Amino acid sequence: MSLAPPDLVLVRYGELALKGGNRRNFERQLARNIKDVVRPIASSVVRREHGRLVVVPARRVEQVARRVSEVFGVKSASLAWSVEANAEAITQLSRELLNDALSDVPESRTVTFRVRVKRADKNFPVQSNALERQVADAILPGPERVTVKLKDPELELGIDIRQEGTYIFLARLRGPGGLPVGTQGRALCLLSGGIDSPVAAWLTMRRGCQLGFVSFHSYPYIGEASKKKVADLARRLGRWQRRAALYVVPFTEIQVAIRDAAPESYRTVLYRRMMQRIASELAEQQGYQALVTGECLGQVASQTLENIACIGAAADLPVLRPLLGHDKEDTIAIAREIGTFEISCIPQPDCCTVFQPSRPIIKGRIDECERAEALMDVGGLVRRAIDGIETIALEGE
Ligand code: ATP
Ligand code: MG
């Protein structure tokens with residue numbers, strides 16, 4: 001007899017510290033985010049059952065489970081079968097599931113296995129331990145094929161008995177953890193076409209922050225293709241936050257003004273200070289509470305502590321720098337995993353290469369920055385840049 005397809009997805013979430021209203025908020029947002037990402041795959045009902053979520057899709061349950069297992073806040077997800085709450089029905093389905101799992105394993109190999117019962121519904125007449133033994137005894141095909149191992153078995157059959165239903169499952173898909181996007185406010189990420197800022201964005205989203213993206217472009221020095229590259233990165237990040245705004249800021253006038261008024265070695269730091277000012281103002285207009293950058297201490301000349309101080313001093317909002325403690329390899333590993341690396345590696349110039357100084361300042365000084373800026377119409381430059389913003393509404397994959 002062939003096994004019926006699973007009918008639902010069990011979703012577990014972590015974050016031990018969740019309490020009271022915080023927990024309700026977490027659960028509600030997670031349910032909303034899950035519904036949102038599975039909608040294009042199949043219409044689904046998402047139920048809260050104390051301590052976890054149950055997703056019941058109308059079809060394509062396996063695809064739904066895989067997608068759910070990528071959502072921030074999810075610790076793990078399992079394809080599950082619902083069954084009548086009696087020992088006979090449970091045993092019958094457990095046997096079918098085990099046999100199905102073994103059909104992929106060569107006959108000659110012995111598989112370690114255990115049954116784990118969770119009995120939240122105490123009305124169920126058999127105790128957890130007793131039921132574990134009873135089911136295992138009834139379904140084990142023989143010691144050469146399967147041996148029981150209680151710690152870290154290769155195969156674990158879970159049986160959850162609850163008032164709302166009894167569910168059986170075999171495997172767990174690991175989720176990314178973190179907090180559901182939308183539970184920790186909104187931030188604006190300065191997104192370049194590089195490797196770092198998309199990873200910084202991803203890490204911030206994983207902590208529950210909803211993001212908008214801002215990118216600075218120097219047309220005609222930098223072509224349209226680099227704008228498309230940034231949009232592709234932001235769209236890729238849409239896998240974790242389906243909708244986002246990308247603000248593209250015209251930066252050429254500012255770069256020309258800095259070139260004409262400031263010492264050459266300070267150009268890069270001054271570009272960055274203008275980026276912080278514009279991003280701060282835009283964030284205030286659009287209701288973002290913090291900025292995010294891909295800065296990392298000591299990685300390049302512009303990222304010494306002195307220069308980070310000069311740059312950060314121009315921001316009016318807290319600046320989050322989630323990569324600060326990363327080695328480049330850590331960041332690249334994440335970039336590969338989340339699928340931004342390939343896009344970031346497409347060669348495209350960044351606006352910071354325009355009029356790039358031959359010897360950039362390593363230990364910038366804030367008073368020097370301010371002295372150079374006093375020769376420019378900073379307010380007017382910022383206002384015109386903001387007026388020229390092109391807003392792109394992105395819909396994730
Ligand atoms: P990335 O790989 O993100 O470009 P990086 O290591 O190359 O980072 P920098 O180029 O010095 O470092 O940039 C530092 C940070 O400044 C970036 O991570 C990004 O947050 C921001 N930034 C730099 N250039 C731009 C730009 N053109 N548009 C938006 N943000 C930018
Ligand atoms: Mg860069």
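Summary table below
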read-out: Helix axis angle, 87-102 relative to the chain longest principal axis, alpha carbon, degrees; value: 60
read-out: Trypsin sites (Lys or Arg not before Pro) restricted to DSSP loop in the range 40-116 with at most 12 other C-beta within 10 Å; value: R59, R109
read-out: Between 0 and 90°, nearest 10: helix 378-387 axis offset from the chain longest Cα axis; value: 50
read-out: Under-5 Å amide H pairs with S192, H placed in peptide plane, nonlocal only; value: S197
read-out: Dipole in debye (nearest 20) - the range 186-395, about Cα centre, beta carbon charges: Lys, Arg +1; Asp, Glu -1; value: 480
read-out: Debye equation applied to the C-alpha atoms of the range 285-336, log10 I(q)/I(0) at 0.19, 0.25 Å⁻¹; value: -0.70, -0.98
read-out: Evaluated at q = 0.11, 0.12, 0.14, 0.15 Å⁻¹: base-10 log I(q)/I(0), Debye formula over Cα of the chain; value: -0.83, -0.92, -1.13, -1.25
read-out: Ellipsoid equivalent to the range 309-397 - semi-axes via the Cα gyration tensor, in Å; value: 29, 21, 15
read-out: Peptide ranges 186-192, 157-163, 131-137 listed from the most packed, as the mean C-beta count within 10 angstrom indicates; value: 186-192, 157-163, 131-137
read-out: The chain - percent relative contact order, Cα under 8 Å, separation 6 or more; value: 16
read-out: Accessible-area composition of the range 8-174, carbon plus sulfur, in percent [1.4 Å probe]; value: 47
read-out: Rg/Rg_ref, the range 23-112, where Rg_ref = 2.2 N^0.38 Å and atoms are Cα; value: 1.32
read-out: For the range 186-395: span of alpha carbons on each principal axis (Å, largest first); value: 44, 35, 31
read-out: When the convex hull of its Cα atoms is projected in every direction, mean area for the range 112-184 (nm²); value: 6.9
read-out: Which of C352, L93, A372, positive extreme of dipole for the chain (C-beta unit charges); value: L93
read-out: Å² of accessible area per residue within the chain, as computed with a 1.4 Å probe and no ligands counted; value: 47
read-out: Dimensionless Rg ratio for the range 99-153, taking C-alpha atoms and the 2.2 N^0.38 Å reference; value: 1.29
read-out: Along each principal axis, Cα extent of the range 8-174, largest first, Å; value: 48, 35, 29
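The values are calculated or read from the model by the stated rules, or taken from the named source; none is laboratory data. Model, not experiment: these values are computed from the prediction. Note that we place each Cβ from the backbone using ideal geometry, even for glycine, and neighbour counts take in every protein chain shown. These accessible areas exclude ligands, DNA and RNA; they are computed on the full protein's heavy atoms, side chains included. Shrake-Rupley method; radii C 1.70, N 1.55, O 1.52, S 1.80 Å.
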